[in-house]
Amino acid sequence: MINRRSFTRAVGLGVGAAAASLGGASNTPAAFAAGADRPGRPAAVIPDVAPGTRTAFTGLKRIRAGVLDIGYAEAGPEHGPVVICLHGWPFDIHSYVDVAPLLADAGYRVIVPYLRGHGTTTFLSPTTARTGQQAAIALDVIALMDALEIPRAVLAGFDWGSRAAGTVAALWPERVKALVAVSGYLIVNVPSQKNPLPPKAERTWWYQYYFATDRGRVAMETRQNRHDLCRLVWEETSPTWNFDDATFERTATAFENPDYAAIVIHNYRWRLGLADGERCYDRYEHLLAARPPVTVPTIAVDPALDPFLPTTDGSGYRRFFTGPYEHRVLAGVGHNAPQEAPTAFAQAVVDAGLLAARATR
């Protein structure tokens, strides 16, 4: 666990087991209210909505936090229990465009930030290193919480967002009320990344190796190639999601951020041990390399059609979650879980709050 004094020092350096199977629009009953702070109230059961019901956020905001000026969407009551929803790559805040109003209606204050290098999130200084390593992104979340004066929140994410949420939960558990982690435990141990995966798994990660080359870097720096590559990843990782052109284009605007290519390329090269991280993050990365356990109440979610998952039973990462825990499978859902299955995802957030409430009784 990292204390707040250590985090402030990092900013100064330049950082600023029950399993349930759920379909794309399934609900799981709960016993207490969404906030789960007042046992005895009726549960929030999320109503079914079709993916794509909403197309836009209202009231986009910005705030200076750490080394960034963070763009984010906000919904729900100002004083409701807070959930921070974190997107992945190649996605953006629109992964939560249907989830956010569902949680707002359940009484949550919902914060959905653009990660560094995406959308309207920009660096405050041109000299700050454009690193995409896991500790940097996690510290961006802590900085955002500090700037918004949020002491604790439910964190929910997928892909890069799941890794960031899990990192915060592992290093700063006092800031995390509960966790919803798509694909479970994604904290990276860089040395272990040197070991090859089975060939079929390696093929799924083709773009990661493409980005290790100058050819891949140039592709990400070239607007049309970047656009088409990201669309291809959407199609491959969500094989049954019939999104239309407009849905992709709404997210693709986030890829026009001037730091997008640099952040994406560094993220994947760093994870393969092909690019150095920043020294100001060394302490955190050292702790993360030891694969610290997540002790906060957690609901782990595995999309059944996510090509990156070797299995969907959660057995490969179960040992890393030592607190109250549930595992769920999203039947018929691919990688972009919140956008493909907004009802089930929102219900997992509500139920994670319930899990936390039960743990404190």
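The values are calculated or read from the model by the stated rules, or taken from the named source; none is laboratory data. Just so we're clear, the structure is a prediction, and the values are computed from it rather than from any experiment. Neighbour counts are summed over all protein chains in view; Cβ atoms, including those assigned to glycine, are modelled from backbone coordinates with ideal geometry. All accessible areas refer to the heavy atoms of the entire protein, side chains included, with ligands and DNA or RNA removed. Shrake-Rupley method; radii C 1.70, N 1.55, O 1.52, S 1.80 Å.
Give me the extension gain from ASP48 to GLN193: residue separation times 0.36 nm, minus the current Cα-Cα distance, reported in nm with one decimal.
Details: separation 145, 0.36 × 145 = 52.20 nm, distance 3.96 nm.
Here the segment from ASP48 to GLN193 would lengthen by 48.2 nm.
I'd like the distance between the alpha-carbon centres of the range 250-310 and the range 318-350, rounded to an integer number of Å.
The range 250-310 and the range 318-350 have Cα centres separated by 18 Å.
I'd like to know which of MET220, ALA147, LEU330 lies farthest towards the positive end of the charge dipole of the chain, counting +1 on Cβ of Lys and Arg and -1 on Cβ of Asp and Glu.
ALA147
Taking a cut-off of 15 Å between Cα atoms, list the aspartates and glutamates near LYS194, but don't count ones fewer than 8 places away on the same chain.
Cα-Cα hits under 15 Å: GLU202, ASP276.
Could you give the length gained on full extension between ASP214 and THR322, defined as 0.36 nm per residue of separation minus the Cα-Cα distance, in nm?
Length gained, ASP214 through THR322: 34.7 nm.
Mind checking the per residue accessible area of the chain for me, 1.4 Å probe, whole number of Å²?
On a per-residue basis, the chain sits at 40 Å².
May I ask what percent, to the nearest 5, of DSSP beta bridges between residues of the chain are antiparallel?
If we restrict to bridges inside the chain, about 30 percent are antiparallel.
Calculate what fraction, in whole %, of the accessible area of the chain sits on carbon and sulfur atoms when a 1.4 Å probe is rolled over the protein chains.
Ligands and nucleic acids excluded, carbon and sulfur reach 53 percent.
Determine the distance separating the Cα centre of the range 227-248 from the Cα centre of the range 140-213; give it in Å without decimals.
22 Å
Rounded to the nearest 20 debye, what is the charge dipole size of the chain about its Cα centre when +1 sits on each Lys and Arg Cβ and -1 on each Asp and Glu Cβ? List each step's numbers first, then the result.
Working: 35 positive and 34 negative charges, 228 e Å.
With only Lys, Arg, Asp and Glu charged at Cβ, the dipole is about 1100 debye.
Any chance you could run the full-extension gain for GLU174 through ARG283? It's 0.36 nm times the residue separation minus the Cα-Cα distance, nm to one decimal. Intermediate results must be reported in sequence, preceding the final value.
On the way: separation 109, 0.36 × 109 = 39.24 nm, distance 1.89 nm.
Stretched out fully, the GLU174 to ARG283 stretch lengthens by 37.4 nm.
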